[in-house]
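Written out below as structure tokens is the structure these notes cover.
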Amino acid sequence: MFFRHREIALLCALLSSVLHPSHSFAGDPKAPTTAKRQATSSLDATASAETSFYLDDTHVGVVTPTIAGTISSPTAGWSLGGRYLVDVVTAASADIVATASPPWTEVRHAASLEGGYEKGDLGASAHASLSREPDYLSISAGLQGTLELDDKNYGLLLGYSYRHDTAGRAGTPFDVFGWTLERHDVNAGLTVVMNRSTIGAIQLDGMFERGNQAKPYRYVPLFEAAAAEEVPAGASVALVSALRLHARPLEALPLVRNRFALTGRLAHRRSAATLRVEERLYTDTWGMAASTTDVRYSIDIGRFVTVWPRLRFHAQTGADFWQRATVVSVAADGAITIPAIRTGDRELGPLWTLTAGGGVSVKLGPIFTVSLQVDGVFTHYLDALYLTRRNALFSALALQAAFD
């Protein structure tokens, strides 16, 4: 679909993610030590249920119920966890209207498993996930290793994961119509305990994609050069329909894309608050460059309540083949030469996004914790058809139970 479920899932993950350092702060009275865990129980378990909601002014809505659970043994050093979610997506965006398609509702199911083992200063973990919707299948798996040095003041990380995606059309078997995409991810990182209250981390990621990333439902409007000059940013469906040529081919993107990201994280614990800052720099072989800054300040109100404001800013340039209006040459006999690379995906164009919001977490006795997060997301498209802005609201309500 024009607004892919996996893109929505990624957006929701970005909205709800925070920095969770692997080390406990020495000055954090809420961080139990290993000795305390060993004294109370050799087995820990957590279970959680969450429902998140996404709604924007382009007539896209998402409801995502999620259940998750983990079981671990601090004494033996192993852990096992799993997650299952359902995305219910309803869309009637301008892209759908532009192709005279009716609004649609689809459901995505996704499940994941992960396990880890630590012995001394060495650790290893593995994960696998499966995501399925009527016209899309994604399978992934990965491994990660860690090494602690200098009495756990330094931590090294090295990981690899593989993902295989197949995009098709609803009601059509993949062996009849299916575009595949393979992705290899490699990451390496370093975590440093700077002092009793501050932790820093840096991570380098390489993502190597091979295959077709185009959307099987996305048709690209074409324009002669003179008509393209009359198409402004945010041009309406009516204006685009009046100026475009009759031909409207499917989207076509390069079959190779290498992505690189460098992320720095800093967490500082005060007596009753924690500041978490993250900066991510990104570039790829499609000519796109981006910067993402995320800041969260968690404040403890007594022993049972934590509140946090959060601010995130993302800005990116467009891919080097991006065109607001795709220009073609028309021969004297009327023959059209269509560009081999063409797209109408505004997420590949220049844009910026501001996310502002926060949340509250309340501990309900020794076992249960409830949390609520609400974020406003404001995106400005600098050079795209149909839209110049998208305003969205994201919220998530979660209940977690922890057992020793």
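The values are calculated or read from the model by the stated rules, or taken from the named source; none is laboratory data. Nothing here was measured: the structure is a model prediction, and the numbers come from that model. With ideal geometry, Cβ positions are generated from the backbone for all residues, glycine too; neighbour counts draw on all protein chains shown.
Scanning for something farther than 30 Å from Leu157 by Cβ and touching an Asp or Glu at 6+ places or on another chain (Cβ under 9 Å), does the stretch 193-202 turn up at least one residue?
No.
From Ala315, Ala325, Ala340, Ala331, grab the single residue that is in contact with a helix residue (DSSP H, G or I) (Cβ under 6 Å, 6 or more places away or on another chain) and within 26 Å of Pro232 (Cα to Cα).
Ala325
What residue, among those in the stretch 177-210 that are over 18 Å from the mean Cα position of the chain (by Cα) and charged (D, E, K, R), is farthest from Tyr297 (Cα to Cα)?
Arg210
Can you tell me which residues in the stretch 204-221 are among the aliphatic types (A, V, I, L, M), touching a Lys or Arg at 6+ places or on another chain (Cβ under 6 Å) and under 17 Å from Ile341 (Cα atoms)?
Scanning the stretch 204-221 gives a single hit, Val220.
With Leu348, Leu382, Leu372 as the choices, which residue is farther than 27 Å from Ala201 by Cα and in contact with a Pro (Cβ under 7 Å, 6 or more places away or on another chain)?
Checking each option against the conditions leaves just Leu382.
Search the stretch 95-110 for residues being surrounded by 15 or more Cβ atoms within 10 Å (Cβ to Cβ) and at pLDDT 95 or above, and hand back the single one that is farthest from Leu158 (Cα to Cα).
Checking each candidate, the answer is Arg108.
Among the numbered conditions (1) within 26 Å of Tyr162 (Cβ to Cβ); (2) in a loop (DSSP other than H, G, I, E, B), tell me where Leu245 comes up short.
(1)
Between residues in the stretch 226-248 that are under 21 Å from Gly334 (Cβ atoms) and in contact (Cβ under 8 Å) with a residue 12 or more places away in the chain and residues that are among the charged types (D, E, K, R) and surrounded by 13 or more Cβ atoms within 10 Å (Cβ to Cβ), which pairs lie under 9 Å by C-beta distance while being six or more apart or on different chains?
Within 9 Å, the pairs are Ala227/Arg244; Ala228/Arg324; Leu243/Glu224; Leu245/Glu224.
From the list Val63, Val88, pick out the single residue that is at pLDDT 95 or above and in contact with a Lys or Arg (Cβ under 9 Å, 6 or more places away or on another chain).
Answer to the check: Val88.
Just a yes or no: is a residue in the stretch 163-178 modelled with pLDDT under 95, among the basic types (Lys, Arg) and farther than 30 Å from Ala94 by Cα?
Within the stretch 163-178, none of the residues are modelled with pLDDT under 95, among the basic types (Lys, Arg) and farther than 30 Å from Ala94 by Cα.
Can you tell me which residue is nearest to the chain's Cα centre (by Cα) among those in the stretch 251-283 that are in a strand (DSSP E or B) and among the basic types (Lys, Arg)?
Filtering first and then ranking leaves Arg280.
Which ones in the stretch 65-94 are charged (D, E, K, R) and surrounded by fewer than 17 Cβ atoms within 10 Å (Cβ to Cβ)?
Those that are charged (D, E, K, R) and surrounded by fewer than 17 Cβ atoms within 10 Å (Cβ to Cβ): none in the stretch 65-94.
Quick one: would you say Gln213 is at pLDDT 95 or above, surrounded by 17 or more Cβ atoms within 10 Å (Cβ to Cβ) and over 30 Å from Tyr117 (Cβ atoms)?
Criteria met by Gln213.
Looking at the stretch 41-64, which of the residues that are closer than 14 Å to Leu397 by Cβ and without any contact (Cβ under 8 Å) to a residue 60 or more places away in the chain is surrounded by the most Cβ atoms within 10 Å (Cβ to Cβ)?
Thr64
Check the stretch 391-401 and report whether any residue there is in contact with a helix residue (DSSP H, G or I) (Cβ under 7 Å, 6 or more places away or on another chain), part of a loop (DSSP other than H, G, I, E, B) and surrounded by 19 or more Cβ atoms within 10 Å (Cβ to Cβ).
Among the residues of the stretch 391-401, not one is in contact with a helix residue (DSSP H, G or I) (Cβ under 7 Å, 6 or more places away or on another chain), part of a loop (DSSP other than H, G, I, E, B) and surrounded by 19 or more Cβ atoms within 10 Å (Cβ to Cβ), which makes the answer no.
Contact list please: Cβ distance under 6 Å, first residue in the stretch 299-316 and in a loop (DSSP other than H, G, I, E, B), second residue not aromatic (Phe, Trp, Tyr), pairs at least six apart or on different chains.
Phe304/Lys363
How about the stretch 375-386: which of its residues are over 26 Å from Ala319 (Cα atoms) and surrounded by 17 or more Cβ atoms within 10 Å (Cβ to Cβ)?
Asp375
Based on this model, can you work out whether Gly349 counts as touching a strand residue (DSSP E or B) at 6+ places or on another chain (Cβ under 8 Å), surrounded by 17 or more Cβ atoms within 10 Å (Cβ to Cβ) and modelled with pLDDT of 95 or more?
So Gly349 passes the test.
Please work out which residue is farthest from Thr274 (Cα to Cα), limiting yourself to the stretch 331-359 and to residues that are free of Cβ contacts under 8 Å to residues at least 40 places away in the same chain and either of a type in the set (Val, Ile, Thr) or in a strand (DSSP E or B) (or both).
Thr337
Considering Ser291, Ser329, which residue is among the small types (Gly, Ala, Ser) and over 25 Å from the mean Cα position of the chain (by Cα)?
Ser329
List, please: which pairs have Cβ atoms under 7 Å, are six or more places apart or on different chains, and start with a residue in the stretch 193-213 that is within 17 Å of Arg259 (Cα to Cα) and end with one that is part of a loop (DSSP other than H, G, I, E, B)?
Arg210/Leu255; Gly211/Leu255; Asn212/Leu255; Gln213/Leu253
Asp300 is checked against (1) more than 23 Å from the chain's Cα centre (by Cα); (2) closer than 25 Å to Ala98 by Cβ and fails just one. What number does that condition carry?
Only one criterion in (1) more than 23 Å from the chain's Cα centre (by Cα); (2) closer than 25 Å to Ala98 by Cβ is unmet by Asp300, namely (2).
In the stretch 360-383, how many are outside any strand (DSSP E or B) and over 22 Å from the mean Cα position of the chain (by Cα)?
Adding up the residues that qualify gives 4.
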